[in-house]
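Nothing in this text is a laboratory measurement; each read-out follows from the coordinates by a stated rule. If you're wondering where the values come from, they're calculated on a predicted model, not measured in any experiment. Cβ placement follows ideal geometry from the backbone for every residue including glycine, while neighbour counts extend to all protein chains displayed.
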Amino acid sequence: MQWPDCDAKVSSSIGVFDSGVGGLTVLRAIKDQLPLENLVYVADSGHAPYGERTPDFIIDRCRVIGSFLYAQPVKALVMACNTASVLAIEKLRAEFDIPIVGIEPAIKPASSVTRSGVVGVLATSRTLQSVGVQKLCDLYGQNVEILLQPCPGLVECIENSSLTSKDTRELLEGFVQPLVDAKADTIVLGCTHYPFVREVIQDIAGSDVTVIEPGAAVARQLSRRLNELQLNRESQPPVPKDKQVNHVGSVCDQQGAIRFYSTGEPKMASDVMSSLWGEAVRVEALTSAVT
């Protein structure tokens, strides 16, 4: 990527993408950690959920969306999807000369805080079957029992903004209660969609169970990488107004702009993402080359 100057690179956006709306939980954590950064988010809702797709399909989607974001340009990329990170992060790192931060189920911290010695992991089937998760279990499951619980259908509920419905709760009870019955006192949310139903999960599991989600850890790692490369806006002198650019080259304010894209139906995407984000957002449809 050719940058006009250092100031333009520093003030450029950070790209964040997920198979759908789940990555908004990571986007929120990044906004909280790095409030001055410009952000651009892509929800690949037209192809969600990734968890039930083939590896080749997921890798192709990551390349397509990664290329779209890289061309904006962005100075860093966050893969806010466990399944995508497991399958495609090394391939994207080989193709794009910007820092790329991925995500993985928080099995390591969960194994260090459990009191009962039993940890439950909620995730998509594809994530739980991955080599990456197996490695995490081998590394941190020496003295801890790790129970892997696939959650088919849950992503679809969240994509439809059905967070507290009777059907969603019944689905979650079928996933969470067996973990609690098996004495799990720590539950890992191994999909970025799942924090949107954290309150329901906590209610089913009970107050004695610790629920761990990954967004804050991803934001901290992103901050570290930006600091290492001197790309963190907060560590730089104020950028003159005439050199403040977002991913399409227009002027943006010092508080950091956020743009939202989706491969799903635009009106539905706007309604769902506004509901989950907590305020009205304008969601732009991606071009046919990306969809």
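Structure data summary
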read-out	value
Ascending count of other beta-carbon atoms within 10 Å, so fewest first, for VAL218, VAL131, VAL21, VAL155	VAL131, VAL155, VAL218, VAL21
Interchain or long-range residues, amide H under 5 Å from TYR261's placed H	TYR41, VAL42, ALA43, GLU284
Cross-link table LYS31/LYS108; LYS108/LYS183; LYS91/LYS267; LYS91/LYS166; LYS9/LYS108; LYS9/LYS135, entries beyond 30 Å C-alpha to C-alpha	LYS91/LYS267; LYS91/LYS166; LYS9/LYS108; LYS9/LYS135
Bridge type composition, the chain - antiparallel percent by DSSP, nearest 5	0 percent
At q = 0.14, 0.16 Å⁻¹, base-10 log of I(q)/I(0) for region 107-212 (Debye sum, equal scatterers on each alpha carbon)	-0.49, -0.64
For VAL78, residues with placed amide H under 5 Å, excluding near neighbours	GLY15, VAL16, PHE17, VAL101
Angle between the chain longest axis and helix 24-33 axis [Cα atoms, degrees, rounded to 10]	60 degrees
For ASP185, ASP44, order by how many other beta-carbon atoms lie within 10 Å, fewest first	ASP185, ASP44
Directionally averaged shadow of region 1-82, computed from the convex hull of its alpha-carbon atoms, nm²	5.5 nm²
Rounded to 10°, Cα long-axis angle of helix 166-181 versus longest principal axis of the chain	60 degrees
Burial ordering of THR192, THR54, THR25, fewest other beta-carbon atoms within 10 Å first	THR54, THR25, THR192
On Cα atoms only, tilt of 82-95 relative to the major axis of the chain in degrees	30 degrees
Along principal axes, Cα extents of the chain, largest first, whole Å	60, 39, 35
Inter-centroid distance (Cα atoms) of region 145-211 relative to region 37-77, Å	25 Å
